[in-house]
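Below is one structure, written out as structure tokens; the observations come after it.
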Amino acid sequence: MKRFLYFISSDARPLYLKDVYRVLSLPHSYIIQFRYRQEYIDQELCKEKKIINQKGVIFFQYENNLEVSSDERNQGHISLREVTVKDFEISPNTGLFHYYLKLGKFIDCSFDDCIIGENTYVGTLNLTDSPREVMWKDKINSVNQCFKTKNKIFFYIDKIYCSEKYSPKVCYLPILRNFIGKDKLEIAEYEPKAKKSFFHLYSKTQYCIKVCYCALDDAEGNVEIKATGNNLILERNKLISEALLDDTILLFCTKADSDLTYDHILFISEEGGIEFDVKLNFKISKNHWGYFLIGAFILVIIWLGEAFSEILFYPSKLETTWTKLSVFAGIVVVMTLIFIFIGYGPHKDK
């Protein structure tokens, strides 16, 4: 038996339904925050303090109508995603239990409803087998009939990546674009002090967001996209497709007036009178490759000027001069290799 924690969000209130929508929309490794009052948590789990890095499953509880007695509710549970507890705290002022969950793969698993006490939304789950990974589309089909909104438009932010041909280090050496073809996948970082995830990007760079789109029951409408600040330039302000199921790419560019700035992209979908918003946080750094290259160029000119002046005016120092030039050539080769092949920021090959 494998032990998992379970976290339940329901359709009892719009706030909880928004959390379900975000779980279905946010990218892999992003942090989502769930908060619960102590009476809704398994009491044995309340006593357990070492839950960091424990695996869990987020479930959607449907037909949880608070206006109907619990005996009359036709409740059910749908597993959504596997998560890892990245952080946890109990507020000294409100007594709320805050769980910061790192989103993982979309999964299928079930459990016997009898192990859940009434009004228990966080507890432990024992599984014989590990949860089975499924496609995002399968999860959307699962929640379709239970998601009580009129205009069913769902999306999933699959990944954010930077084209290597438009990265800061290449922009200053355009010739490298002929030799570099890989894209770099950006990975969200969790900042414990802010209790949030951030994508660390660089200014004056083009990035791509791959988004999966699904409109159920011939839904009509679109997803609005907007940047909350002035440091992101979006290619378009709406996510819309002629197909009911599609993959699309959203392009955006970054800029920054200071060494470090913050910005956000909001995806907003209006569903049956409820505004679902999904926010991506970005931390944008000013790249200093230009200053580095200017400084290196000045250093090269000074060094070469000194070396050639010794060749012309002090032939007796010729051996020492060639040694200097050899050392200089070696340094240039090493720095060039570092400049080209060592990346920056938390990313990996796409």
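Each reported figure results from applying straightforward, stated rules to the coordinates on display, with no laboratory input. What you are looking at is a predicted structure, and each value in this text was computed from that prediction instead of being measured. Note that we place each Cβ from the backbone using ideal geometry, even for glycine, and neighbour counts take in every protein chain shown.
For the pair D246/E48, report the inter-label distance in nm, with labels modelled 7 Å from Cα in the Cβ direction.
So the label points at D246 and E48 sit 4.5 nm apart.
Structure shown: which of K139/K193; K193/K283; K139/K226; K159/K193 lie over 22 Å apart, alpha-carbon to alpha-carbon?
Values: K139/K193 33 Å; K193/K283 14 Å; K139/K226 26 Å; K159/K193 25 Å.
The answer is K139/K193; K139/K226; K159/K193.
If the limit is 18 Å between Cα atoms, which of K137/K210; K102/K195; K55/K137; K210/K279; K2/K55 go over it? All intermediate terms of the calculation are to be shown ahead of the outcome.
On the way: K137/K210 15 Å; K102/K195 12 Å; K55/K137 23 Å; K210/K279 15 Å; K2/K55 10 Å.
Over 18 Å apart, Cα to Cα: K55/K137.
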